[in-house]
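Asker: Attaching a single structure in C-alpha cells format; questions to follow.
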Amino acid sequence: MQDRVADIPTPAVLVDMSRLAFNLEAMQDKAAKEGVRLRPHTKTHKSIAMANRQRELGAHGLTVAKMGEAEMFARAGFDDIRIAYALIGEEKYARALRLSESGCRISFCVDTMEGARAASSFFASRGATVDVLIETDIGYGRCGVRWDQSEAAGFGAEVDALPGLNVVGILTHAGHAYNGPKDESESLQAALQRVSDQERDRMLDFADALRTAGVGAAVDGSLEISVGSTPSISAFTNTERHGFRVTEIRPGNYLYLDMTQANLGVAPLDRCSLTVLATVISRHDNADGTQRFFLDSGKKVLTSDTAFRADGYGQILSGTQPAQPMDGTVINGLSEEHGWVRATSDVDVSVGDRLRIVPNHSCVVVNTQPELYLVNGDDVVGRIVVDGQSLVV
Ligand SMILES: Cc1ncc(COP(=O)(O)O)c(C=O)c1O
C-alpha cells in the first residue's frame, strides 16, 4: 500500500478526495433544491463504495446500463435498481426476474413493440409483472420513441395494456447536451440551458399526451418522469407543466467530471476530481524547435475518446495539485501504451517527471482500472475499487 502519491506506480488513476466530496454533495443538494430524486447512473464509477456514498447522501435508488451491474449492486444490498436501457432477450429477462424475486425492485426501458411484447410474454407466462419505463427521445436521436409523434402516446397505452408489464414512467437521456452551442451566437451556458429546458418540457408534454391516451400512471399522477445527463442537469430547474413535474434525475459523470464537462462549461477544471498520473518516459527535440515527449499512458488508460473543443486526448496539468493546464502541451497522439505529447520549447519537462492529466471522458478511463487511488494532496488515503470493471453483459 502506497502512502504517498509520489510512490504510486504509474500509470494510475487518482481521485481527489475533497473534489469528489464536493461534487457528490453539490448534486445531492441540487436534487433537493429542485424537488427531485437523485438516482445516479453508476456506469461512471462501477463502484459499490461510491454507490454507498451516494445513498448515504440521499440518492434514491441506482441507475445501471447492464444486467450484470444490476446484479452486482443488488448483491451489495441495493433494492431499487433501474436499468436505463432497452432490455432485450430471454436470458436478460430471466436474470431480471430472479433479481425481482429476490426482493429488488427492478425496472427497465422499452421503446419498441417487439421489445415490449417479448418482455410481456416472458413475464406474464411466469405469472410475474415487471416495472418498465417508456424510453423517450426528446432530441438526442438514440433509442426511444419520439415525444412529439402522435403514435408515441398510443405506443405507451399499448404497452400499458400488455400483461406482465407495469408502465411506471418515462425516461430520457439528453445526450445532445454534449454537442455544445448550436451556433457561434450561443454561449456555452445558453446551450446547456436550452437542452435542459427542452428535456424537461418535452418530457412533461409527453406525460400529458400519455394521460390523454389513458396510460394508468399518467392518469393517476404516479408517473415517474426521469431525465438526465450531467450537462443537462447542470442547468436543470424543475417547473410544473400540464400538472406534471420531473420526478427523478440520473446524472452519472458528475462525481469525477472531465475535460468534456470542463469544455462544455458544466464545471471549471478545478472541480475535476479524477486525473491520470503518468510518467514522462522519453523526450526528444523536433526539427522545428518544438519538442515531443512520451507518457507511459496510452489508449489503454487515457482511452481514445475525444472531447468537445479539446485539442488532444486529455489536458496535462502543471504541478501536482490539479488546477492549471500546462500551457504549450498537447497530447496529440496515442498508441496502446504511449501518450504522444507535442510541446513548445519552453515547456520544462524532463524524463522521469510525473504529470497529472484530466482525461477527456472519465467514465471510460475508470473502466480501464481495477481500482483508483483516493488522494488528499500528496497523500494516498484509500482505494476506490471498480467492482464492476469486468462486467460486460
Ligand atoms: C440512459 C442514460 N442515463 C443517464 C446517463 C448519465 O449521463 P452522464 O454521463 O452525462 O452523467 C447516461 C449516460 O450515458 C445514459 O446513457
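Asker: At Thr306 and Ala94, where each label point lies 7 Å from the Cα along Cα→Cβ, what is the point-to-point distance in nanometres?
Answerer: Reported label-point gap for Thr306 and Ala94 is 4.3 nm.
Asker: A further question on this structure: Any idea how far the Cα center of the range 1-57 sits from the one of the range 281-307, in Å?
Answerer: If we compute the Cα centre of each part, the gap is 29 Å.
Asker: Quick check: from the Cα gyration tensor, does the range 35-255 come out rounded (a/c under 1.5), prolate or oblate?
Answerer: Because a/c hits 1.5 or more and a/b fails to exceed b/c, the range 35-255 counts as oblate.
Asker: How big is the chain on each of its three principal axes, counting only the C-alpha atoms and giving the largest first in Å?
Answerer: Largest to smallest, the principal-axis extents are 70, 49, 35 Å.
Asker: Here is a further query. Sequence-distant or interchain residues sharing an amide H contact under 5 Å with Thr129, placed H: which?
Answerer: When sequence neighbours closer than 5 places are left aside, there are no close amide H contacts.
Asker: Using a cut-off of 21 Å between alpha-carbon atoms, which lysines can reach Lys43, once sequence neighbours fewer than 8 places away in the same chain are excluded?
Answerer: Lys30, Lys66, Lys92, Lys299, Lys300
Asker: Ok, one more. For the chain, what is the accessible area per residue in Å² when the probe is 1.4 Å?
Answerer: 40
Asker: Each label point is 7 Å from the Cα along the Cα-to-Cβ direction; what then is the distance between the points at Asp220 and Arg126, in nm?
Answerer: For Asp220 paired with Arg126, the spin-label model returns 2.4 nm.
Asker: If you don't mind, there's one more thing I want to ask. Which whole-number percent is the relative contact order of the chain (Cα, under 8 Å, 6+ apart)?
Answerer: Contact order relative to length: 19 percent.
Asker: Still on this structure, I have one more. What does the highest-first list of 347-355, 74-82 look like by mean Cβ count within 10 Å?
Answerer: Numbers: 347-355: 14.3, 74-82: 18.3.
Ranking, from highest mean packing down: 74-82, 347-355.
Asker: Determine the percent antiparallel among the DSSP beta bridges restricted to the chain, to the nearest 5.
Answerer: Looking only at bridges with both residues in the chain, the antiparallel portion is about 55 percent.
Asker: Shifting gears a bit: List the relative contact order of the range 269-385 as a percent without decimals, with contacts defined as Cα pairs under 8 Å and 6+ residues apart.
Answerer: Relative contact order for the range 269-385 comes out at 30 percent.
Asker: If the cut-off is 23 Å between C-alpha atoms, which lysines fall inside it for Lys33, apart from same-chain ones fewer than 8 positions away?
Answerer: Leaving aside lysines fewer than 8 places away in the same chain, none come within reach of Lys33.
Asker: Under the rule of -39500 (n - 2.57) per DSSP H run of 4 or more residues, summed and divided by the residues of the chain, what mean residue ellipticity at 222 nm is obtained, to the nearest 500 deg cm²/dmol?
Answerer: After summing the helix terms and dividing by residue count, I get -9500 deg cm²/dmol.
Asker: Same structure, new question: Using DSSP to define loop residues, name the trypsin sites (Lys or Arg not before Pro) in the range 100-149 whose beta-carbon has at most 14 other beta-carbon atoms within 10 Å.
Answerer: Hits after loop and neighbour filter: Arg126, Arg142.
Asker: Work out the FRET efficiency for Asp197 and Asp7 from their Cβ-Cβ distance, taking R0 = 45 Å, and round it to the nearest 0.05.
Answerer: Efficiency for this residue pair is about 0.40.
Asker: Shifting gears a bit: Can you give the FRET efficiency for Asp353 and Ala287, using 1/(1 + (r/R0)^6), R0 = 30 Å, r = Cβ-Cβ distance, to the nearest 0.05?
Answerer: So, using R0 = 30 Å, E works out to roughly 0.80.
Asker: In whole percent, and with a 1.4 Å probe on the protein chains, what portion of the accessible area of the range 178-327 is carbon and sulfur?
Answerer: The computed percentage sits at 45.
The values are calculated or read from the model by the stated rules, or taken from the named source; none is laboratory data. Because the structure is a prediction, the values reported are computed rather than measured. Cβ coordinates were reconstructed from backbone atoms using ideal geometry, including for glycine residues, and neighbour counts include every protein chain displayed. Areas reflect the complete protein model, heavy atoms only, side chains present, ligands, DNA and RNA absent. Shrake-Rupley method; radii C 1.70, N 1.55, O 1.52, S 1.80 Å.
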